[in-house]
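Okay, structure first, notes after.
The values are calculated or read from the model by the stated rules, or taken from the named source; none is laboratory data. All of these numbers come straight from a predicted model, not from anything done at the bench. Please note: Cβ atoms are built from the backbone with ideal geometry, for glycine as well, and neighbour counts cover all protein chains shown.
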Amino acid sequence: MFDLNNLLRENIRNLVPYSSARDEFKGQASVFLDANENSFGSPLDAQYNRYPDPMQQKLKEKISRIKGVPPQHIFIGNGSDEAIDILFRAFCNPGKDNVILLPPTYGMYEVSAHINDVAVRKIPLLENFQMDIDSISEAIDENTKLIFICSPNNPTGNSMEREDIEIVLNNFDGIVVVDEAYINFAKQKTMISELTEYPNLVILQTLSKAWGLAGLRVGMAFASEEVTGVFNKIKPPYNVNAVSQQLALDALENVGQVNGWIRRTVEERERMVKALAALSFVKKIFPSDANFLLVRVDDAPGLYRYLVEQGIVVRDRSNVILCEGCLRITVGTEAENTVLMEALMKK
Ligand SMILES: *Cc1c(COP(=O)(O)O)cnc(C)c1O
């Protein structure tokens, strides 16, 4: 049985969170002398002398309308990386607990584990890049607190089988993190609709990829109200700055533009698949539900260096388990992809 209180670290269960000036007074007033701010203003055209909303209410309401999730089920972080770090600090006792990762996958899970002195149990994906459910089940013990499932997965590009994710959700009493950073490009649907079903489900999304706002550092976690309560207890009081909150709010008005880019990215991805397949040194192009392609080539480090000489940077993943000989290529604009293809055809 999933029991949030039992799963939490004792120090977090007992934590009295920081209470900011903006937490303690939320009403209307004309004179704010409660937060030691500079009341004269900022030495800029725009005014940033006031602390931002610690709970990002307006942004949550807008995200709530777009995603169909009530605001209490949304946590907003300084990138999804902040949500990942908070999960470790909330649930994993350093030097004692462990988490399960499914390589090859996003590198931050392991870095965050190491920073927090939490043991990592790696259960590699199968040859088809799907989850090895039996081995995952065998690796779980009473100190396993988190399982990270990235879907669509970085760097392989595929979505995980939904039934497999649900098997893990049904059979693991810890937190199952489903990282949907690339969900906007996928045929697979988001797991958000399953939040009411699974109290142990945490879904990560971000404004860094399809939304084109990587520089703002805005990531989201969707979870039960209990779990978002834990996130809020631990986060630094003003974890999303005022500029990022305002610009994200403005950007979220432009859903139409973003959907247009998603459509073009998916079209370009399919154009690239066809063009790459015609090259003799391309051995395999893995199916992608994301905005990048994992491509196996004859000499990945050599091809990487050749492209850098042409002023084109891709990611060499050839040292990563199951990605031997592979480059990861982000799908860019039509013009960028054409530059890449022309360079590859000259090789
Ligand atoms: C890019 C990426 C993120 C995004 O992280 P942010 O901190 O929100 O920019 C999260 N997860 C995966 C798998 C990614 O590839």
Q. Any residue in segment 285-294 that is outside any helix (DSSP H, G or I), surrounded by 19 or more Cβ atoms within 10 Å (Cβ to Cβ) and touching a Cys at 6+ places or on another chain (Cβ under 6 Å)?
A. yes
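State the number of residues belonging to segment 244-268 that are within 18 Å of Leu59 (Cβ to Cβ) and part of a helix (DSSP H, G or I).
The qualifying residues number 10.
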Q) Quick check: is even one residue across segment 12-19 within 30 Å of Lys145 (Cα to Cα), surrounded by 14 or more Cβ atoms within 10 Å (Cβ to Cβ) and within 26 Å of the chain's Cα centre (by Cα)? A) yes
Q.
Can you say whether Leu146 is part of a strand (DSSP E or B), under 20 Å from Leu201 (Cα atoms) and more than 12 Å from the ligand (Cβ to nearest atom), as far as the supplied structure shows?
A. yes
**Q.** Boolean, Gly215 is surrounded by fewer than 17 Cβ atoms within 10 Å (Cβ to Cβ), under 21 Å from Phe75 (Cα atoms) and assigned by TED's automatic domain parsing to the domain that holds Ser64
**A.** yes
Q | Tally of residues being touching a strand residue (DSSP E or B) at 6+ places or on another chain (Cβ under 7 Å) and away from the ligand (no atom under 14 Å from the Cβ) across segment 169-189 | A | 5
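Being surrounded by fewer than 22 Cβ atoms within 10 Å (Cβ to Cβ), assigned by TED's automatic domain parsing to the domain that holds Pro155 and either modelled with pLDDT under 95 or not basic (Lys, Arg) (or both) narrows it down to one residue among Ile76, Ile100, Ile86, Ile66; which is it?
Ile66
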Q. For Pro54, are the conditions met, namely being touching a Lys or Arg at 6+ places or on another chain (Cβ under 6 Å), surrounded by 15 or more Cβ atoms within 10 Å (Cβ to Cβ) and under 26 Å from Ala90 (Cα atoms)?
A. yes
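Per-residue answers, yes or no, for (1) farther than 17 Å from Val240 by Cβ; (2) in contact (Cβ under 8 Å) with a residue 24 or more places away in the chain:
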{"position": "Arg22", "(1), (2)": "no, yes"}
{"position": "Leu44", "(1), (2)": "yes, no"}
{"position": "Ile100", "(1), (2)": "yes, yes"}
{"position": "Pro104", "(1), (2)": "yes, yes"}
Q: Output the number of residues of segment 123-153 satisfying the condition of being within 16 Å of Phe88 (Cβ to Cβ) and more than 19 Å from the chain's Cα centre (by Cα).
A: 2
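Is it true that some residue in segment 273-282 is of a type in the set (S, T, N, Q) and assigned to a helix (DSSP H, G or I)?
no
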Q) Which residues, counting only those in segment 190-207, are more than 16 Å from the ligand (Cβ to nearest atom) and in a loop (DSSP other than H, G, I, E, B)? A) Leu195, Thr196, Glu197, Tyr198, Pro199, Asn200
Q: Kindly state which helices (runs of 4 or more DSSP H) lie completely within segment 34-125 and contain at least 2 residues that are of a type in the set (A, V, I, L, M, F, W, C) and within 14 Å of the ligand (Cβ to nearest atom).
A: 80-91, 108-115
Q | Criterion (in contact (Cβ under 8 Å) with a residue 12 or more places away in the chain and crowded, with 22+ Cβ neighbours inside 10 Å) met by exactly one of Asp173, Asp179 | A | Asp179
